[in-house]
1. Got a number for residues in region 295-345 being under 17 Å from Ala274 (Cα atoms) and in contact (Cβ under 8 Å) with a residue 60 or more places away in the chain?
2. Return the only residue of Phe255, Phe238 being aromatic (Phe, Trp, Tyr), part of a helix (DSSP H, G or I) and either at pLDDT 95 or above or surrounded by 15 or more Cβ atoms within 10 Å (Cβ to Cβ) (or both).
3. Report whether or not Gly223 is among the small types (Gly, Ala, Ser), in contact (Cβ under 8 Å) with a residue 60 or more places away in the chain and not in a strand (DSSP E or B).
4. If Asn193 passes every condition in (1) under 28 Å from Leu77 (Cβ atoms); (2) in contact (Cβ under 8 Å) with a residue 12 or more places away in the chain; (3) not in a loop (DSSP other than H, G, I, E, B) but one, which one does it miss?
5. So which of Asp14, Asp69 ends up being of a type in the set (Asp, Glu) and modelled with pLDDT under 80?
6. So, in region 157-181, of the ones that are closer than 16 Å to Pro252 by Cβ and in a helix (DSSP H, G or I), which residue ends up nearest to the chain's Cα centre (by Cα)?
7. Just give me the residues in region 156-190 being of a type in the set (S, T, N, Q) and either touching a helix residue (DSSP H, G or I) at 6+ places or on another chain (Cβ under 8 Å) or free of Cβ contacts under 8 Å to residues at least 24 places away in the same chain (or both), in sequence order.
8. Does region 219-241 contain at least one residue that is over 24 Å from the mean Cα position of the chain (by Cα) and at positive phi?
Amino acid sequence: MTAHEPHGQQDTADDGQDDDWRLFKGDGRAKTITFPQAPPWRRFGGDADAETDPSHRNRPYLIGPQEADVVNAALLLRRPLLVTGHPGTGKSSLAYAVAHELSLGPVLHWPVNSRTTLQEALYRYDAIGRLREANMSREPHGVAGSALLDPDIGSYLRLGPLGTALVASESPRVLLVDELDKGDVDLPNDLLNVFEEGEFEIPELARLPEEQSSVRVMTADSGQWTEVVRGRVRCSEFPVVIITSNGERDFPPAFLRRCVRLDLPEPDENRLRAIISAHLGPKDGSEAGGTPEIDDLMRAFLARRARGELATDQLLNAVFLRRGGVELDADGLLDAVLHRLARTL
């Protein structure tokens, strides 16, 4: 019983309104409900593909032939792909699409913020944890002359997403560097040597004696380990690096010279209808995206996007709700779904 449940009663049905899309009434009356199926892009777990693509599994990705050619150029040149565009144009999703289509395994995701450093993207070393375990392994009661056991250093090292992407492998891994423009101003320059050389050193391992030249360390992949020899991690195939930027600041020329640039345009009406079809499918067997049920939503979306930033997934949200029987025209609900992403002062 909830704190707001009147008279200690609990409903077991939704007052006979099983087809009502309003799960939450705001009336304080507890009830047992069954959640309807979530949108395809908000379903998690219970999927065989979740291991390789947990958040974007089987999601279709539509891209124009010119943009696809730029992607292929970056693949052939083994250069990072710098992807720019408005929010919702599919910058981050491109990495998952490439990994899925080319069977390159799980995407290594490196989200960047103002506190991000190159060091943590390469590897992390828990020196304090190792010292603590070493101290705990001393002889009982601190017997004089007792040996200090040296815990395996590899257990306290873990490669980050960039470090894991540089591990030698038969096929390259896909690394998504998300929103690089949110990072420190020096971060792009810090990346130059790693991108140019395709390797980095772990000093804590490089200093070990010759008999410990090979050390097993954890990777960013859950439960996976790799051998690091003489403290050096070097790729055999340069990873597929996809860097996204919202254009919040410029990058130095030296960094840009090492990247292939792709600017994703906002999809036009035909592309939007194709995206709706790919994600939600046609309704009642009709042609995808061409049904009158979404015409007014399309007009509203395009008109609002012309006045300010909107993301494509906002239109998908609106269509999904409409198909679920939600009246979007009432009480400002459409405004809540198709709200601007940036306010103008």
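The values are calculated or read from the model by the stated rules, or taken from the named source; none is laboratory data. For clarity, every value in this text was computed on a predicted model and none was experimentally measured. Neighbour counts are summed over all protein chains in view; Cβ atoms, including those assigned to glycine, are modelled from backbone coordinates with ideal geometry.
1. Looking only at that region, the number is 7.
2. Step by step, each of Phe255, Phe238 is checked, and only Phe255 is aromatic (Phe, Trp, Tyr), part of a helix (DSSP H, G or I) and either at pLDDT 95 or above or surrounded by 15 or more Cβ atoms within 10 Å (Cβ to Cβ) (or both).
3. no
4. It fails just one condition, (2).
5. When all the criteria are applied, what remains is Asp14.
6. The extreme case among them is Leu180.
7. Matches in region 156-190: Asn189 only.
8. yes
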